[in-house]
Amino acid sequence: MHLVIGLGPIGGNIGARLAELGQGVYGYDFNQDRIREWSEENKSAAGSDLAAVDWPSIDSVHIAVRLADQVSSVLAALQAHTDKPLTVFVHTTLAPEDARRILPSAPGAWRAFEAPVSGGPHGARHGSMTVFLAGPAATPAEDKLLADIAGSVFRMASYGQPALVKLFNNALATYNLAATARMLNLAADHGVPARDLLEVVGVSTGQSWMSDNLSDVQYDLLLKDVGLLRGELGSLPTAKLDGDVEHAILRARSLLSPDSPNQ
């Protein structure tokens, strides 16, 4: 059985993917509405009390919370509830320095993997996401589990590298998103409907994953990752990724709305 801690967009969908594959899953979260909805949808047990977990049956633990302090709290709670050697995948995107601090602090009998992901909720739900992995050499069973939940797995040499690679990737994605949004805004300011320009971009050299998904991408998480990378490196090159980025994205989305007077 797999214990999924954090039933949000990533953790909840990883759990749903495993349940769909016929594997036993127990979902854990503090949000009672989320627990109920996830349990009903996936026909799997869920709760907010680790004491209710059937620990002898647990094969892996998947942690998908938002913050480094929450990861540390979860690891401490796991130690308080079981002395079983655990295989733990931390899917939370940590700052590289936090990954280097938190993951080595896991008990020596654990198999602790830093495993942030890319691909969003859709990738997590359909087993097509990318996993950036650091930790012990994976066993055949762990490789099979990773193949079940991910389309690609990139293995790194040490803790902190998965976070750094993901942050580089997401910073690049944010540059693309910010540039697309600003260009749509500029077009609208000069009399070209944003939707018309987006249609041109979609079949021309300006096309990117971000231009295709501008209306749906979780830009708040991307901006969070940009902040983590800036904290690690001290500064980022070229175009600014602060200030008016969120405003530009929201305005571009508004311009693309069917109800926009600019259409």
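Search segment 215-246 for residues being of a type in the set (A, V, I, L, M, F, W, C) and farther than 23 Å from THR92 by Cα, and hand back the single one that is modelled with the lowest pLDDT. Checking each candidate, the answer is ALA239.
When LEU222, LEU214, LEU177 are checked against the criterion of being part of a loop (DSSP other than H, G, I, E, B) and surrounded by 19 or more Cβ atoms within 10 Å (Cβ to Cβ), LEU214 stands alone in meeting it.
Within this structure, ALA248 passes the test of being among the hydrophobic types (A, V, I, L, M, F, W, C) and touching a residue at least 24 places away in the same chain (Cβ under 8 Å). Selection of segment 1-17 for residues being among the β-branched types (Val, Ile, Thr) and either part of a loop (DSSP other than H, G, I, E, B) or on the phi > 0 side of the Ramachandran plot (or both) yields only ILE10.
The values are calculated or read from the model by the stated rules, or taken from the named source; none is laboratory data. Just so it is clear, the model here is predicted, and its values are computed rather than measured. Neighbour counts are summed over all protein chains in view; Cβ atoms, including those assigned to glycine, are modelled from backbone coordinates with ideal geometry.
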